[in-house]
Amino acid sequence: MNAFFSELFHFFSQNLYKIGDQLLVHIGITFISLFLSIFVALPLGVFLSKFPKLAPPILSFASILQTIPSIALLGLMIPILGIGLKPAVFVLFLYALLPILRNTYTGISQVDGSVKEAALAMGMTPFQVLWKVELPLAIPIIFAGIRIATVINVGVATLAAYIGAGGLGEFIFGGISLNNPYMMLGGAIPAALLAIFLDYLLSKAEFLNLSKSKNWFWGLILLAGLSGLYEVPRIGSGKILAGLTPEFYGRKDGYLGLKSIYQLKLNYVIISDAIMYKAIRDGDLDLISGYSTDGRIRAYHLMTLVDNRHIFPPYQAAPLISTQWIRHYPILKEIIQSLSGKINDSIMTELNFEVDFKKKDPNEVALEFLKRNHLFKKPLEEGSEKFIIGSKIFPEQYILSAIYASLIRGNTHLKVITKTGLGGTQVCFNALVHHEIDMYPEYTGTGLLVILKPSEKVLGQLNSDPQKVFQYVQDEFSNKFQLNWLQPIGFNNSYCLVMRKGEIDKENIHSIEDLARFIKSSALK
Amino acid sequence: MIEARNLSKTIGKKKVVHDLSFKAGLGKTTVLLGTSGSGKTTTLKMLNQLILPDEGEVFIDSIPNSSIPPHQLRRTIGYVLQETGLFPHLTVEENIGTVPKLLSWKADYIRKKTLELLEQLGLKEERFLKSYPYQLSGGQKQRVGIARALISSPPILLMDEPFGALDPINRNSIRQDLKNLPQFKKTCIVMVTHDIQEAYELGDQIILLDQGEVQQIGTKSDLIERPNNDFVRNFLKSQSLYLRFYIKPLSLYFHQFLEKKPEDTWVIGSLPDSESLEKALNLFSSDRKDEVLAIKSTNLETRFTSFKHLIQLFGENGL
């Protein structure tokens with residue numbers, strides 16, 4: 001337990017500036033959207049209280065918006081608003097709308113009829129009744145709505161990191177994908193504290209005398225100021241905006257390596273890998289951390305930068321299978337290895353392109369590939385013995401597992417079952433160790449860095465040499481887990497930095513070194 | 001002076017007020033009397049345009065109400081509600097200062113008038129100024145409500161069941177305080193009540209309504225001695241004996257009172273002979289013969305009478 005806290009403390013002390021920046025951005029996003037929500041919901045709530053017949057349809061509409069899962073709403077906004085601040089703010093704005101709208105409407109409607117009548121009878125104009133009587137009396141309820149909206153927004157704003165808007169979600173998602181609890185808490189603890197703190201602050205603000213217009217004025221100034229915090233961490237950053245996946249951001253063979261080996265300092269946002277290709281195509285980003293065989297690199301006219309100092313280790317794809325099966329069914333090894341050398345980088349990119357971009361069924365793509373290469377055989381009659389093939393949750397893995405399934409069905413009587421979409425490395429690996437699946441396609445680099453996590457010294461010896469890395473993982477997996485790496489398929493799906501072709505040509509950036517030089521020189525200007 | 005001409009109002013399908021006309025004069029109290037649903041509150045609210053009449057028109061000093069913007073009209077008309085309608089978020093002082101502020105009075109003057117009025121209404125301690133409505137008792141709230149309605153000395157005061165929610169002791173003491181206010185005699189008051197005794201206690205003119213129609217408009221004695229129809233007769237029936245005490249002024253019997261205070265008696269108070277028999281009878285704590293009351297006539301002659309004597313005189317002179 002002590003070790004846990006000291007690790008956590010270490011993470012916080014190492015990343016204090018970064019957490020501070022994320023916190024500022026988080027507060028900024030929260031309050032920009034809150035500001036907009038108040039701006040719209042308050043007058044609308046007042047309007048509804050004056051025309052109560054309109055209230056039920058409009059309030060129901062706002063409630064329906066609230067029920068859409070936030071991550072889905074964020075996704076829906078990307079085609080319209082792109083990535084970054086705009087869609088994040090818009091989604092948070094929609095979420096904050098309902099509590100403020102409903103509470104404003106309720107707050108004003110519940111003002112005692114006799115009090116309103118008295119105000120009119122004293123000779124107040126309808127506007128004076130609203131301003132001097134109804135609003136002040138509704139303030140506690142309106143404020144409760146703003147409080148709820150604020151706390152909701154602090155929570156939902158963590159998702160903004162998925163679409164490149166930054167905030168404390170960067171560490172939360174990074175922590176999840178790297179299976180690093182300290183990083184996760186590095187985002188989650190400040191987010192929770194922020195929500196508690198703002199809730200407390202607003203509970204005090206309810207007692208401020210808001211019947212005075214002067215105080216409203218200061219409140220708005222404060223809101224605008226808090227919204228402006230979003231810009232603070234961006235001041236003085238360069239021209240090239242990078243989008244990094246949470247995993248890449250936290251890995252030694254990712255951004256950490258780029259910083260130490262290439263001295264590359266990027267102006268970046270954290271973004272989900274599902275949307276980053278589209279974002280770079282649309283010009284929302286200028287640089288992303290991609291995967292070298294992704295079909296969209298070709299489809300979107302992107303290019304990878306040369307890693308001339310070899311910080312991205314080789315990620316040779318190879319089938320990973322339990323040793324038991326090899327002993328029990330030796331012919332299986334040959335059948336599976338018949339694919340070796342048949343798929344190189346460009347063929348894999350081509351196959352991925354069919355699925356990613358042309359939206360073809362991975363099974364269909366697999367079948368066409370086998371037929372083209374004369375590997376296809378009609379399935380033999382199925383026996384009772386089961387063989388289960390797993391895959392991670394991206395197209396390349398779907399295609400590979402479909403190819404293997406077809407190969408095995410054509411050459412054995414095994415009853416082949418595919419379990420696709422098993423999440424990340426940890427899920428697939430554990431399933432294999434516990435015999436819930438019998439094989440899945442894995443990458444040597446992942447096996448090395450995610451599962452084995454060898455010391456710096458060992459890594460130095462391996463020196464990113466594909467042959468040495470393969471040998472190392474094969475030996476270690478066999479000894480430690482009774483798992484076998486079969487011969488590599490022939491392509492290498494490693495991390496890479498991706499830019500638009502147009503810019504690569506224009507600025508003459510071909511390698512990561514070129515990029516580091518370009519960023520340094522443009523920062524000096 | 002207020003004049004209502006041919007007011008009619010239909011709400012939904014119900015004719016709430018039908019063709020109602022009356023006049024209410026300065027320094028007089030007009031009571032709109034009736035059961036619930038008789039249209040009395042609707043009538044009252046048509047006077048300051050909280051409800052607009054479908055037909056007819058209200059004139060104040062011969063100027064039609066519809067020619068004045070409603071909020072300006074209402075600043076010259078005091079209004080007291082049963083539920084008080086005090087603003088819960090404002091202090092007593094701010095509540096009372098509402099209309100003067102709308103009229104842009106100076107702060108010093110508002111405070112001076114507020115203190116003066118609160119003292120007359122029996123809330124003279126300064127702590128009341130900074131109190132909020134929820135800190136006050138029901139009677140205190142209603143006094144503040146009256147002060148808020150009267151601070152700008154409006155020529156007209158409208159009251160909607162002002163004492164309805166109060167206990168009898170509070171009700172009585174506020175009524176007395178209200179009657180004793182200097183402004184009371186200079187203001188044209190229109191009051192709504194369903195309480196016949198209250199109507200007789202405070203009213204100079206009574207308008208008895210039923211189902212939106214006027215049954216009778218007249219003085220206290222008109223209604224009891226010359227009822228227009230059976231409705232009026234039945235409405236007053238249960239309390240008719242007691243109500244007659246209100247319409248008999250002491251001056252009626254003055255010449256029969258004793259010129260000298262009898263021996264072994266003590267004087268419990270004195271009244272002008274313009275007061276009613278009801279007032280005099282209520283001053284006695286019992287029918288003991290040693291209690292006498294001093295009565296002063298308009299030419300300042302003083303005579304004496306006892307409870308038994310008053311009842312006797314009432315009986316001899318007939319209803």
Please compute the average number of Cβ atoms from other chains found within 10 Å of each residue's Cβ in peptide B:143-155.
1
To the nearest 10 degrees, how steeply does helix A:181-205 sit against the main Cα axis of chain A, on a 0 to 90 scale?
10
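Excluding ligands, DNA and RNA, what is the solvent-accessible area per residue of region A:440-525 at a probe of 1.4 Å, expressed in Å²? Please report the intermediate quantities before stating the final value.
On the way: 4240 Å² over 86 residues.
About 49 Å² of surface per residue is accessible.
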Counted charge near B:Val214, where neighbours are those whose Cβ lies closer than 12 Å (Asp, Glu -1; Lys, Arg +1)
-2
Within straight-line cross-link reach of A:Lys371, lysines at Cα separation under 16 Å, skipping those fewer than 8 residues along the same chain:
A:Lys342
What accessible area, summed over both chains, is buried at the A-B interface (1.4 Å probe, Å², nearest 100)?
1500
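Which entries in the list B:Lys113/B:Lys220; B:Lys28/B:Lys260; A:Lys50/B:Lys9; A:Lys360/A:Lys415; A:Lys50/B:Lys113 go over 29 Å, if you measure between the two C-alpha atoms of each? Could the numbers behind the result be given before it?
Values: B:Lys113/B:Lys220 34 Å; B:Lys28/B:Lys260 36 Å; A:Lys50/B:Lys9 24 Å; A:Lys360/A:Lys415 26 Å; A:Lys50/B:Lys113 36 Å.
Where the Cα-Cα span goes over 29 Å, the pairs concerned are B:Lys113/B:Lys220; B:Lys28/B:Lys260; A:Lys50/B:Lys113.
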Shape call, region A:354-434: gyration tensor on alpha carbons, a/c limit 1.5:
oblate
Per-residue average of Cβ from other chains inside 10 Å of A:119-132
6
Does any residue of region B:38-52 lose at least 40 Å² of accessible area with all protein chains in place compared with its chain alone, and if so which ones (probe 1.4 Å)?
B:Leu50
If you look at just the Cα atoms of chain A, how large are its Rg and its Dmax in Å?
28.3, 97
Please name which of B:Thr193, B:Ile63, A:Ala149 has its Cα lying farthest along the dipole of the protein assembly as shown towards the positive end, using unit charges on Cβ (Lys, Arg +1; Asp, Glu -1) and the Cα centre as origin.
B:Ile63
For chain B, longest principal axis from Cα atoms; helix B:168-180 axis from its Cα atoms; angle between them, nearest 10 degrees, is 80
Residue-averaged [θ]222 nm for chain B, counting only DSSP H segments that reach four residues, each worth -39500 (n - 2.57):
-9500 deg cm²/dmol
Work from the charge dipole of region A:317-493 (Cβ charges, +1 for Lys and Arg, -1 for Asp and Glu, about the Cα centre) and give the residue of A:Val427, A:Leu459, A:Leu370 farthest towards its positive end.
A:Leu370
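Add +1 for every Lys or Arg and -1 for every Asp or Glu among the other residues with Cβ under 13 Å from the Cβ of B:Lys279, and state the total.
Details: positive: B:Arg175, B:Lys179, B:Lys248; negative: B:Glu201, B:Asp273, B:Glu275, B:Glu278.
Result for the local shell: -1.
For region B:10-65, compute the orientation-averaged projected area of the C-alpha convex hull (one quarter of its surface), in nm².
Working: hull surface 16.9 nm².
Over all viewing directions, region B:10-65 projects a mean Cα-hull area of 4.2 nm².
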Per residue, what accessible area does region B:117-247 have, given a 1.4 Å probe and all protein chains present, in Å²?
42
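Averaging sequence separations of C-alpha pairs under 8 Å and six or more residues apart, then dividing by the length of chain A, give the relative contact order as a whole percent. Numbers along the way, then the final one.
On the way: 854 pairs, mean separation 85.1, N = 525.
RCO, chain A: 16 percent.
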What translational D, rounded to a whole number of µm²/s, comes out for region A:2-227 from Stokes-Einstein when the hydrodynamic radius is the Kirkwood one over Cα pairs, at 10 °C and 1.306 mPa s?
84
Can you give me the pair-distance distribution of region A:317-493, C-alpha pairs, 5 Å bins, whole percents?
1, 8, 17, 22, 21, 16, 9, 4, 1, 0, 0
Reach of B:Lys237 by Cα under 18 Å, taken over aspartates and glutamates that are not fewer than 8 positions away in the same chain:
B:Asp195, B:Glu198, B:Glu201, B:Asp210, B:Asp222, B:Glu225, B:Glu278
Mind checking which aspartates and glutamates have their Cα closer than 13 Å to the Cα of A:Lys252? Skip sequence neighbours fewer than 8 apart in that chain.
A:Glu456
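So how strong a dipole does the protein assembly as shown carry about its Cα centre when Lys and Arg Cβ are +1 and Asp and Glu Cβ are -1, to the nearest 20 debye?
860
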Between helix A:362-372 and chain A: long-axis angle, C-alpha atoms, 0 to 90°, nearest 10:
30
Going through A:Lys18/A:Lys453; A:Lys453/A:Lys480; B:Lys23/B:Lys45 one by one, the pairs whose alpha carbons sit over 19 Å apart turn out to be A:Lys18/A:Lys453
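Go ahead and run the numbers for FRET between B:Asn229 and A:Ser109, Cβ-Cβ distance against an R0 of 51 Å, rounding to 0.05.
Working: r = 44 Å, r/R0 = 0.87.
So the FRET efficiency works out to roughly 0.70.
What is the Cα convex hull volume of chain B when expressed per residue in Å³?
Details: hull volume 51.3 nm³, N = 319.
In chain B, the Cα hull volume divided by residue count equals 161 Å³.
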Express the C-alpha Rg of region B:175-227 as a ratio against the empirical globular expectation 2.2 N^0.38 Å, rounded to two decimals.
1.23
What number comes out for the charge environment of B:Gly39, summing +1 per Lys or Arg and -1 per Asp or Glu over other residues with Cβ under 10 Å away?
+2
Over chain B, what is the mean sequence separation of C-alpha contacts under 8 Å (at least six apart), divided by residue count, expressed as relative contact order in percent?
19
Note down the relative contact order for region A:237-356 as a percent, whole number, built from C-alpha pairs under 8 angstrom at least six residues apart.
28
Per residue of chain A, what 222 nm ellipticity follows from adding -39500 (n - 2.57) for every DSSP H run with n ≥ 4, rounded to the nearest 500?
-19000 deg cm²/dmol
Alpha-carbon Rg with Dmax, taken over region A:395-512, Å
17.6, 57
Loop-only check: which trypsin sites (Lys or Arg not before Pro) in region B:1-97 are DSSP coil with at most 12 other Cβ within 10 angstrom?
B:Lys13
Any of B:Lys112/B:Lys296; B:Lys185/B:Lys308; A:Lys278/A:Lys506 with alpha carbons more than 26 Å apart? Name them for me.
B:Lys112/B:Lys296; B:Lys185/B:Lys308
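The values are calculated or read from the model by the stated rules, or taken from the named source; none is laboratory data. Fair warning: this is a prediction, and the values are worked out from it, not measured in the lab. All Cβ positions, glycine included, derive from the backbone under ideal geometry; neighbour counts span all protein chains shown. Remember, those area values only see protein heavy atoms, side chains included, never the ligands or the DNA or RNA. Shrake-Rupley method; radii C 1.70, N 1.55, O 1.52, S 1.80 Å.
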